[in-house]
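Read the structure below first, then the notes.
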Amino acid sequence: MAMKKFINDPDDLVSELLQGYALVHASKIKVVANNRVTRVKPKGEGKVGIVTLGGSGHEPALSGFVGFGMIDISVAGEIFAAPGAPACLEALKAADRGAGVLFVVLNHPGDVLSANLTMEMAEKEGLNVKQLLTHEDIAGGPRSEPDQRRGLVGCIPLYKLVGAAAEAGKSLDEVYAIGEAYEKNMATLAVAVTSATHPATGEAMFELADDEMEIGMGQHGEAGTGRTKLKTADETADTMLAMLLQDLGVQAGEQLLVMINGSGAATLMELYIIFRRVHQVLTEKGIKVACSRVAEDLTVQEMAGFQMHIGRVTDEMIDLWNVPCDTPSMTVR
């Protein structure tokens with residue numbers, strides 16, 4: 001099937017995307033040199049900065065979460081491609097308000113390469129930076145081999161938790177510790193029923209038959225744990241949730257943050273039906289849903305499917321989740 005998208009010159013995709021984004025959300029964010037999306041009103045002096053990076057084409061992530069209480073600067077790359085290290089270094093410098101910077105990176109080869117080069121440059125310049133890598137996709141490999149696991153939508157709750165901690169005036173070590181604790185206690189699994197296309201080339205990322213779905217599909221069409229015939233919402237939710245709970249070893253009496261993230265073409269109707277089943281099963285197991293979110297936060301163009309995310313949370317994390325934030329894509333009042 002031919003790609004149908006309202007675009008102009010493919011070479012201008014990212015620049016025009018960011019121009020439009022900045023115009024719509026001019027009270028909260030602005031775009032500066034080298035595709036750096038930054039807060040209009042900088043964080044107060046003496047507070048830890050939060051910086052992230054990632055390819056474009058996954059809107060609203062990652063730049064949709066720049067603003068009060070979350071990210072200070074997001075460095076946007078080209079479509080599905082990491083930005084260069086020099087732009088990331090500029091972002092780290094700009095986000096430093098005198099208390100250091102937490103650099104949050106999703107585990108994808110290009111992002112990690114760029115981030116590692118950035119950290120080498122930052123060290124040479126004596127910057128106070130800690131890097132936190134997210135790798136929660138359980139389809140990538142066992143928990144004992146985290147480097148094999150891709151970073152998926154788990155970055156969004158992590159941004160909320162570390163962003164809230166930073167706004168509260170916690171030190172870089174304290175903010176990092178909160179982020180690391182959540183990162184080590186989160187798990188995500190994706191499912192897809194139709195492919196996305198690359199918006200610049202029109203090429204499909206993978207192929208699935210009309211009656212097939214694939215659990216474990218990666219953010220860019222990487223193969224998952226296996227293809228099966230399309231199942232009902234409850235059957236799909238049961239299968240995925242069981243895998244996530246087993247991976248984390250969740251027990252009755254524990255508290256979880258639960259997110260259902262649409263991949264681009266799944267409807268909110270479907271996402272709420274899935275969440276309903278997840279909540280029902282967890283309640284039956286004596287597991288509390290302490291925090292929740294259903295939204296399209298990290299998309300893959302028009303891919304139909306969703307990511308199911310769970311994370312073990314402490315009382316402190318629940319408080320951080322609920323404190324105010326104000327970004328284009330997430331607001332808590």
Can you find even one residue in segment 270-280 that is assigned to a loop (DSSP other than H, G, I, E, B) and under 22 Å from E136 (Cα atoms)?
no
Residue in segment 290-304 that is farthest from E167 (Cα to Cα), counting only those that are modelled with pLDDT of 95 or more and surrounded by 24 or more Cβ atoms within 10 Å (Cβ to Cβ)
L298
All but one of (1) charged (D, E, K, R); (2) surrounded by fewer than 15 Cβ atoms within 10 Å (Cβ to Cβ); (3) out of contact with any Asp or Glu (no Cβ under 9 Å at 6 or more places or on another chain) hold for E254, so report the exception by its number.
(2)
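Table: residues versus (1) at pLDDT below 95; (2) part of a strand (DSSP E or B); (3) within 18 Å of A295 (Cβ to Cβ).
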residue: Q19; (1), (2), (3): no, no, no
residue: A22; (1), (2), (3): no, no, no
residue: K41; (1), (2), (3): no, no, no
residue: K47; (1), (2), (3): no, no, no
residue: G54; (1), (2), (3): no, yes, yes
residue: E59; (1), (2), (3): no, no, yes
If I ask for residues that are under 22 Å from A295 (Cβ atoms) and among the aliphatic types (A, V, I, L, M), which ones from segment 249-268 would you list?
L256, L257, V258, M259, I260, A265, A266, L268
Would you call G179 touching a Leu at 6+ places or on another chain (Cβ under 9 Å), buried (at least 18 other Cβ atoms within 10 Å of the Cβ), farther than 24 Å from E78 by Cβ and modelled with pLDDT of 95 or more?
yes
I'd like the full set of residues that are in a strand (DSSP E or B) and crowded, with 18+ Cβ neighbours inside 10 Å, limited to segment 305-333.
G305, F306, Q307, M308, H309, I310, G311, R312, C325
Qualifying positions in segment 78-97 - part of a helix (DSSP H, G or I) and of a type in the set (K, R)
K93
Name the pairs whose Cβ atoms lie under 6 Å apart, with the first residue in segment 71-85 and within 24 Å of M303 (Cα to Cα), the second at pLDDT 95 or above and polar (S, T, N, Q), and 6 or more positions between them or separate chains?
S74/T52; S74/S63; A76/N35; A76/S56; A76/S63; I79/S56; A82/S114
Would you check which residues across segment 209-254 are of a type in the set (S, T, Y) and either over 25 Å from S144 (Cα atoms) or under 20 Å from the mean Cα position of the chain (by Cα) (or both) and list them?
T228, T232, T236
Can you tell me which of V175, V193, V153, V162 is assigned by TED's automatic domain parsing to the domain that holds G69, closer than 21 Å to V294 by Cβ and in contact with a strand residue (DSSP E or B) (Cβ under 7 Å, 6 or more places away or on another chain)?
V153
Residues (part of a helix (DSSP H, G or I) and either touching a residue at least 12 places away in the same chain (Cβ under 8 Å) or within 14 Å of V51 (Cα to Cα) (or both)) located in segment 121-139
M121, A122, I138, A139
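The values are calculated or read from the model by the stated rules, or taken from the named source; none is laboratory data. What you see is a predicted model; the values in this text were computed from it and never measured. Note that each Cβ is placed from the backbone with ideal geometry, even for glycine, and that neighbours are counted across all protein chains shown.
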